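Here's the structure, in structure tokens; my notes come after.
The values are calculated or read from the model by the stated rules, or taken from the named source; none is laboratory data. Keep in mind the model is a prediction, meaning the values are calculated, not measured. Cβ placement follows ideal geometry from the backbone for every residue including glycine, while neighbour counts extend to all protein chains displayed. Note: accessible area is taken over every heavy atom of the protein model, side chains too, but ligands, DNA and RNA are not part of it. Shrake-Rupley method; radii C 1.70, N 1.55, O 1.52, S 1.80 Å.
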Number of protein chains: 6
Amino acid sequence: MKGKYIKGRSITYDGSQLHSLYAFTEHDVQGDSVVAFRGPCRVQAEGLVDMEDRKKGAEIYSEDMVHFIVELFDSDLPRTLALQRLFLCVVKDVIEELKPELFISRRGDDLYIEVEVDEGQEESRKLTVSVATASPVSNLIHIGINVSSRNTPVPTLGLDDLEIPVDDFILKVLQGFINEMKGMESARCKVRGVG
Amino acid sequence: MKGKYIKGRSITYDGSQLHSLYAFTEHDVQGDSVVAFRGPCRVQAEGLVDMEDRKKGAEIYSEDMVHFIVELFDSDLPRTLALQRLFLCVVKDVIEELKPELFISRRGDDLYIEVEVDEGQEESRKLTVSVATASPVSNLIHIGINVSSRNTPVPTLGLDDLEIPVDDFILKVLQGFINEMKGMESARCKVRGVG
Amino acid sequence: MKGKYIKGRSITYDGSQLHSLYAFTEHDVQGDSVVAFRGPCRVQAEGLVDMEDRKKGAEIYSEDMVHFIVELFDSDLPRTLALQRLFLCVVKDVIEELKPELFISRRGDDLYIEVEVDEGQEESRKLTVSVATASPVSNLIHIGINVSSRNTPVPTLGLDDLEIPVDDFILKVLQGFINEMKGMESARCKVRGVG
Amino acid sequence: MKGKYIKGRSITYDGSQLHSLYAFTEHDVQGDSVVAFRGPCRVQAEGLVDMEDRKKGAEIYSEDMVHFIVELFDSDLPRTLALQRLFLCVVKDVIEELKPELFISRRGDDLYIEVEVDEGQEESRKLTVSVATASPVSNLIHIGINVSSRNTPVPTLGLDDLEIPVDDFILKVLQGFINEMKGMESARCKVRGVG
Amino acid sequence: MKGKYIKGRSITYDGSQLHSLYAFTEHDVQGDSVVAFRGPCRVQAEGLVDMEDRKKGAEIYSEDMVHFIVELFDSDLPRTLALQRLFLCVVKDVIEELKPELFISRRGDDLYIEVEVDEGQEESRKLTVSVATASPVSNLIHIGINVSSRNTPVPTLGLDDLEIPVDDFILKVLQGFINEMKGMESARCKVRGVG
Amino acid sequence: MKGKYIKGRSITYDGSQLHSLYAFTEHDVQGDSVVAFRGPCRVQAEGLVDMEDRKKGAEIYSEDMVHFIVELFDSDLPRTLALQRLFLCVVKDVIEELKPELFISRRGDDLYIEVEVDEGQEESRKLTVSVATASPVSNLIHIGINVSSRNTPVPTLGLDDLEIPVDDFILKVLQGFINEMKGMESARCKVRGVG
């Protein structure tokens, strides 16, 4: 699993990046990979792969996000969905490490920050969007984390609101997920079978 | 995925429970399942499925543990390893929810509690043991969480030390993991493929 | 496996229903499913998935049919083809139960009724059409059973000719196939491996 | 798929035949195969692969049976279970063809004959035993059909009671199942994918 | 695995032949197959399945080639890639048998002939092009072997330069590869599993 | 894929090395691997995994051999059998490179050297033994190449007879096969799917 952060330029995520060989054709990264970049997020109906969102007429919009595109060539969808959630656990761990005072909760493939809005009353603010699917030759995951929370369709928070430095965050997440993948590869090659 | 807590009696985990159809033959739970019980843990060399542990002559011993045995009939080892780590994320989330003041970290398939041992100096105490493997007809995961930390071969902490009520903990973990599995099953059946 | 009968309205089967997530996007049924509806059948060359039919320039046409669309998210084509034939066995069993005096025969994935056309001379009348294929995220089966036998391209019989009540038939077939799937799921989770 | 009938000698089925490469090592049939033989059936607790039967302390006993052992080198258990039921549909079809007056019903992987025991009162008599499982290199199915119904642990019927000639029956079943397998192989290689 | 040589007419390979069911729809060969034909090769950017070639703006052009299209219905890409290289080993073996004095080398999925261009100085001339990929219902391999070496974009050699009779070559390769496939099928069905 | 040559000591191959995690437990090589060593070969009936050999009462015996044990954690038997043959192609290529004057032929998973025994009369001498099989957690291949040809059950040749330096041969084969695996991994991650 290779990681690459496309630094220093803005790439708008519009759904077309969730495509087989995106990392290879656009960024010269071949094989299992996680590519990170930063930019707005605008996915319209026909770009949605989650048909539940599409039925609901959901919009996915953010002015500024960190995007991770994971591509796996030897995976099937049930495994990819488990890895997608594990990726979000890594994101949660990185934020907890950087900002121990925050209370983050993962619900399925979404992360929320609990904020006190009024004395004693809490509200959940959405931090992420994510989806996983299959191409004919690989499996793909998109994870987007808000940098800005302005003008989003639902109440959100972004890394800027949390005062988390974006570049540092990206590198820690890349490293963390690559370590997970290495750890599992190693675990797989040291157990005997049972009856 | 069915969950069952075998309450009110002590079952010693000695490795023989990591066997296909254990849930069915011993506890009448058929199909994908997670079975929980409580009791000592004593796994000797020949019971170890982790050959790295066996080479090192590792001992697995605990006076009192909570044990979870997961059996999956439609999984392969790469997916099972991702689910094993996701299970540990659920355990971490449950402890964080019950004891928000603790600092827990997951390193691969192990959970640790960071404790201050001396002014400003921290030490990691191991909370769990875990392994995943394959039988000819299913995949299996064992996750053990210390209740007691007495007489363990390495420095550990247990649920008793953390003042976490065991039965409540078990039920929350069972529910949390079953929800994960349901969520992924649902996610899998609502996405279209991409190019 | 969920079953749903879309009762009280006519839906024309034109091949576009043999598409991933049809049950979810059109009928709100998520996951492994069998959806039943009634209506004409008109599949033109470009809608055919059976390339042998297409080469032959075959037409699929019926004025009134019962349609079943099965979608399976964890299957591959060799298994789906076995389930397709098993579905036709269930259809045969239901007709035999409702009309014990009929002689039905299954040849591959087709059902025929043997009728006496002249003294001692028998002829086979086709009762069904069926095909199974793969989408990028699931496997799909279409089974169509004639209600009417008017104007079909080959000699057929329909449920009306056999005086079989359509609604009752549909519900019995849905129940029968769902029971098969449950039975196999259970059988799978109770056998040990062998050497 | 090759078929072979080991004619002219009695082979007792005791469970040890449900083993990978039985057809090859004992009968020189290599590859996907269905081997038929005749003889008593005596499977004791440790020979049972169905753990539900074993838990119940079930006995499998018959003085005289027809046995079919199917071995599949490219199958997984979910597909093999569908093929097992399809095999029983073939057995049912063969009996219906030979004895159209009988009323046979398949319930899961068992065949029953409905007999009138008293005026208007019907009883089901079991005709078959069957199980499917996995070895490390193949999948295996055993189907046993009673020839004799004497001294069986539950009320049964046998081919002798039904006046079905055993050799003819065996050859028709072998041919029928091999045709099913060929038909599915052909169906698999003529469909295009869908969206 | 069936083999067919479409003799006596020229078919231009333009990439559209690397499509599921090409052998069935165009040449009436159903199931796993290798189809051979002869004709020019002209694959333009959009016909390329190798995205590395496409990025480089590579041209694939030959005035006269022997083409083999392999289609496999039960394979996945990792196995298909091994079979692709094995096919090239068969081509190498056939040429070595016909022209023992040549020095052919395989580098990955390409064959080269080493020729002496100047006293003591050797140069490699490319003999083949090849690619393997997946369709929704099968896996596909194209192997093209130059007959002519005129006007190719890189220095090549062709069967004509080597004085190898084309028809004889095609038949020997077809037979050789079919034998490999049969041999592996047989090897697979005679080994027991290990611990 | 990691390669390791256990140099400087003799290890007798008796079949017990064809066992999951042999490389890890005996030689500290984890993951997909090819381990090479040198020593006698003595496999008795119960150690044979090729049941055809066992039925024939075949002996596998050599006074001195080079042994390669390949272990693959993500392969199935059909792919492993293709890789086994590809390994033998690599062995053939290495010998051809070291001794261009020899005529080696591969027949399935065996290599032979053609030698002139009498004027114009040729005889084949066997150079190798090989088998591939599955464990519950991995696939395994053994390839043995004679160093000595003394006292073998069939007429053989060995590397000593061919004056091939053993250490050099081993390193070239290891490198060659690892390159094949890398090349296929790379090929797999650069092709788009087709229709």
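Side notes on the structure shown:
- Across region E:32-67, the residues whose backbone nitrogen lies under 14 Å from the label position 7 Å along the beta-carbon direction of E:Leu102 are E:65-66.
- Whether region B:56-106 is rounded, prolate or oblate, judged on the alpha carbon gyration tensor where a/c under 1.5 counts as rounded: oblate
- Centre separation in Å (Cα based) which lies between region B:27-97 and region E:122-153: 50
- Estimated FRET transfer efficiency when R0 is 45 angstrom, pair C:Asp110-E:Asp167 (beta carbons, to 0.05): 0.60
- Summing charges over all other residues whose Cβ lies under 11 Å from the Cβ of D:Val43, with Lys and Arg as +1 and Asp and Glu as -1, gives -3.
- Each copy carries B:Glu116; placing its label point 7 Å along the C-beta direction from Cα gives inter-copy distances of 2.1, 8.4, 9.0, 9.0, 9.7 nm, listed from smallest up.
- Here the alpha carbons of region E:61-195 define both size measures, Rg and Dmax, at 16.6, 57 Å.
- In terms of its C-alpha gyration tensor, region B:18-78 comes out oblate, because a/c is 1.5 or above while a/b does not outweigh b/c.
- Length-normalised contact order of region D:51-171 in % [C-alpha pairs under 8 Å, at least 6 apart]: 31
- Taking a sphere under 14 Å around the Cβ of D:Gly158 and counting the other residues whose Cβ falls inside, with K and R at +1 and D and E at -1, yields a net charge of 0.
- Note that region E:38-50 has calculated 3J(HN,Hα) couplings of 10, x, x, 10, 9, 10, 9, 2, 5, x, 6, 9, 7 Hz, one per residue in order, obtained from phi through the Karplus relation 6.51 cos²θ - 1.76 cosθ + 1.60 (θ = phi - 60°); glycine and proline are x.
- Accessible-area value, E:Leu159, 1.4 Å probe, nucleic acids and ligands omitted, Å²: 0
- For region A:18-61, size of Cβ-based charge dipole, Lys and Arg +1, Asp and Glu -1, in debye: 200
- 0 to 90° range, to nearest 10: angle between helix B:166-188 axis and chain B longest Cα axis: 30
- Here region B:87-133 yields Rg over Rh of 1.02, to two decimals, using C-alpha coordinates and the Kirkwood radius.
- Computed FRET value (nearest 0.05) for A:Ser186 with E:Glu122, which takes r as the C-beta separation and R₀ as 45 Å: 0.55
- Taking every Cα-Cα distance in region F:1-110 and sorting them into 5 Å bins from zero, the calculated P(r) comes out as 2, 10, 16, 21, 25, 17, 8, 2, 0 percent.
- Closest approach to the axis carrying A onto C, counted by Cβ on chain A and given in whole Å with its residue, is A:Pro136, 4.
- Taking the C-alpha atoms only, the angle from helix D:77-98 to the longest principal axis of chain D is near 50 degrees.
- 11 Å beta-carbon shell around F:Gln17, net charge (K/R +1, D/E -1): -3
- Rounded, prolate or oblate (a/c below 1.5 giving rounded, otherwise prolate when a/b exceeds b/c) for the protein assembly as shown by Cα gyration tensor: rounded
- Threshold 40 Å² - residues in region A:151-195 whose accessible area is reduced by that much or more when the chain is no longer isolated, probe 1.4 Å: A:Glu180, A:Met184, A:Arg188, A:Cys189, A:Lys190, A:Val191, A:Arg192, A:Gly193, A:Val194, A:Gly195
- Dividing the Cα radius of gyration of region C:46-130 by 2.2 N^0.38 Å, with N the residue count, gives 1.28.
- Entries of A:Lys92/A:Lys126; C:Lys99/C:Lys126; E:Lys99/F:Lys182; C:Lys2/C:Lys172; A:Lys2/A:Lys182; A:Lys4/E:Lys56 with Cα pairs more than 19 Å apart: E:Lys99/F:Lys182; A:Lys4/E:Lys56
- Taken about its Cα centre, region C:36-195 carries a charge dipole of about 900 debye when Lys and Arg each add +1 at the Cβ and Asp and Glu each add -1 at the Cβ.
- Summing Cβ point charges (Lys, Arg +1; Asp, Glu -1) relative to the Cα centre of region A:103-195 gives a dipole of roughly 920 debye.
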